[in-house]
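The values are calculated or read from the model by the stated rules, or taken from the named source; none is laboratory data. Computed from a predicted model, the values in this text were never measured in an experiment. Cβ coordinates were reconstructed from backbone atoms using ideal geometry, including for glycine residues, and neighbour counts include every protein chain displayed. The accessibility values were calculated without ligands, DNA or RNA, using every heavy atom of the protein model including side chains. Shrake-Rupley method; radii C 1.70, N 1.55, O 1.52, S 1.80 Å.
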Amino acid sequence: MVCFYGEKSLRKILVTGTAGFIGFSLARRLLDRGDTVVGLDNINDYYDVMLKYGRLAETGIAREQITYGQSVQSSSYPRYKFVMMNVEDREKLFDLFKSEQFDMVCHLAAQAGVRYSLVNPYAYISSNIVGFMNILEACRQYSNKHLVYASSSSVYGLNEEMPFSTHHNVDHPISLYGATKKSNELMAHSYSYLYNIPSTGLRFFTVYGPWGRPDMALFQFTKAILEGNALDVYNDGKMQRDFTYIDDIIEGVLRVMDKPPAVNKDWSGKCYNIGNSKPVSLLDFIEAIEETLGKKAKMNLLPMQPGDVPATWADVNDLIEVFDYKPHTPFKEGIKKFIAWYKTFYKD
């Protein structure tokens, strides 16, 4: 892959959320190909922090070395250092931008989860709105050749036209999480227009795979089946999701990062769906987990949860046209890879 900055070693990239699932996976790929990376994460306790520290350890960041606001040099990658920090901490974030002079920012840190937004809404305003505002303002003040940021399929909300297209109206999100991600797109649009900051938003569709989040279906179902517990299956299992394997996601993110949108007279930002574009029935997904584990699931069939939608399906034609790329990993193959990782990580 050709990098638009020339020599890879000259590229310094800030990746936020590097103790998280996608951020960790992206940082590792960037480092493997020779980029210089500064990782940032607040390591909050939304889910098991031991999993987050496990991801950091994979990139040579030792837990005992981590102190808030101080950079830690990786023992595995000479071009990687990590900083524990909240993106809401404007003063320290601006100091980091000023001292590092990033060529590019990939902002993945956020308060995730549709259902948790019903329980702790202020966490979403703080991280996803205030934190994102700080990232935008830091990019404006300290120059940045490309901002790539995480949006979500949740922005589609009540849209019933399938597949979901970036050309569809997304004015009806039905969760606060989705609303904050739609807000991020609007905020990035305005900063791109006002300050000529090339920006690209990525609407992720149900990412899964090794090192995945414990609040996601594959992780919860695998754990429950192995422990002999019943699965909570909403909408009586009549759900479809555009499950997208992590390696496919990262390849797509890399291609987007390497090709910033051209500045035009109107604005210099763009949004893309990044999904497998092959929706899978939730019951078929569970059956594939059962086959891999060799164990049947017990299921509690429940009504639809508030803020949830019955189906997601990504139209990725723009991604194919602009970046010549489309995710391709079959969901059964991805499930097998996740379960192999899960059994290794939780072998005790």
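How many residues are closer than 30 Å to Met257 by Cβ, of a type in the set (Val, Ile, Thr) and open to solvent by less than 50 Å² (accessible area, probe 1.4 Å) when one looks only at the range 279-321?
Taking the range 279-321 and keeping what is closer than 30 Å to Met257 by Cβ, we get 279-280, 285, 309, 311-321.
Checking which are of a type in the set (Val, Ile, Thr) leaves us with 280, 309, 312, 316, 320.
Still in the running and open to solvent by less than 50 Å² (accessible area, probe 1.4 Å): 280, 309, 312, 316.
Summing the residues that are closer than 30 Å to Met257 by Cβ, of a type in the set (Val, Ile, Thr) and open to solvent by less than 50 Å² (accessible area, probe 1.4 Å) in the range 279-321 gives 4.
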**Within the range 231-253, tally of residues that are open to solvent by 50 Å² or more (accessible area, probe 1.4 Å) and assigned to a helix (DSSP H, G or I)** = 2
**Message:** So, in the range 217-230, exactly how many residues are open to solvent by 50 Å² or more (accessible area, probe 1.4 Å) and either hydrophobic (A, V, I, L, M, F, W, C) or in a helix (DSSP H, G or I) (or both)?
**Reply:** 4
**Request:** Residue by residue through the range 318-334, note down the ones that are touching a strand residue (DSSP E or B) at 6+ places or on another chain (Cβ under 9 Å) and in a helix (DSSP H, G or I).
**Result:** Asp318, Leu319, Val322, Phe323, Phe331, Glu333, Gly334
**Request:** Return yes when Arg140 is in contact (Cβ under 8 Å) with a residue 40 or more places away in the chain and within 18 Å of the chain's Cα centre (by Cα) and no when it is not.
**Result:** no
**Message:** Take the conditions part of a helix (DSSP H, G or I), open to solvent by less than 10 Å² (accessible area, probe 1.4 Å) and touching a residue at least 12 places away in the same chain (Cβ under 8 Å) and apply them to Leu56. Does it pass?
**Reply:** yes
**Message:** If I filter the range 75-124 down to residues being hydroxyl-bearing (Ser, Thr, Tyr) and open to solvent by less than 10 Å² (accessible area, probe 1.4 Å), which single residue comes out as farthest from the chain's Cα centre (by Cα)?
**Reply:** Tyr80
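Please find, among Lys270, Lys265, the residue that is among the charged types (D, E, K, R), at pLDDT below 95 and closer than 28 Å to His172 by Cβ. Outline the logic, then answer.
Numbers: Lys265 fails: closer than 28 Å to His172 by Cβ.
When all the criteria are applied, what remains is Lys270.
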**Request:** Collect the residues in the range 139-152 that are crowded, with 24+ Cβ neighbours inside 10 Å and either assigned to a helix (DSSP H, G or I) or of a type in the set (Asp, Glu) (or both), keeping them in residue-number order.
**Result:** Cys139
**Message:** So Phe102 passes all but one of these: (1) in contact with a Cys (Cβ under 9 Å, 6 or more places away or on another chain); (2) within 18 Å of Asn42 (Cα to Cα). Which condition number does it fail?
**Reply:** (2)
**Request:** Among what's in the range 6-45 and is assigned to a loop (DSSP other than H, G, I, E, B), in contact with an Asp or Glu (Cβ under 6 Å, 6 or more places away or on another chain) and over 10 Å from Arg55 (Cβ atoms), pick the residue that is modelled with the highest pLDDT.
**Result:** Gly17
**Fill in**
Restricting attention to the range 164-208, the residues that are open to solvent by 20 Å² or more (accessible area, probe 1.4 Å), of a type in the set (S, T, N, Q) and either free of Cβ contacts under 8 Å to residues at least 60 places away in the same chain or in contact with a Phe, Trp or Tyr (Cβ under 7 Å, 6 or more places away or on another chain) (or both) number exactly 5
**Request:** State whether one or more residues within the range 298-308 are in a loop (DSSP other than H, G, I, E, B), touching a Gly at 6+ places or on another chain (Cβ under 9 Å), small (Gly, Ala, Ser) and touching a residue at least 24 places away in the same chain (Cβ under 8 Å).
**Result:** yes
**Pairs with Cβ under 7 Å, 6+ apart, first in the range 66-81 and at pLDDT below 95, second part of a loop (DSSP other than H, G, I, E, B) and open to solvent by less than 60 Å² (accessible area, probe 1.4 Å)** = none
**Prompt:** Where residues in the range 15-53 are among the polar types (S, T, N, Q) and open to solvent by 20 Å² or more (accessible area, probe 1.4 Å), which of them is farthest from Ala112 (Cα to Cα)?
**Reply:** Thr36
**Request:** Look through Lys295, Lys337 and report the one residue that is part of a loop (DSSP other than H, G, I, E, B) and modelled with pLDDT of 95 or more.
**Result:** Lys295
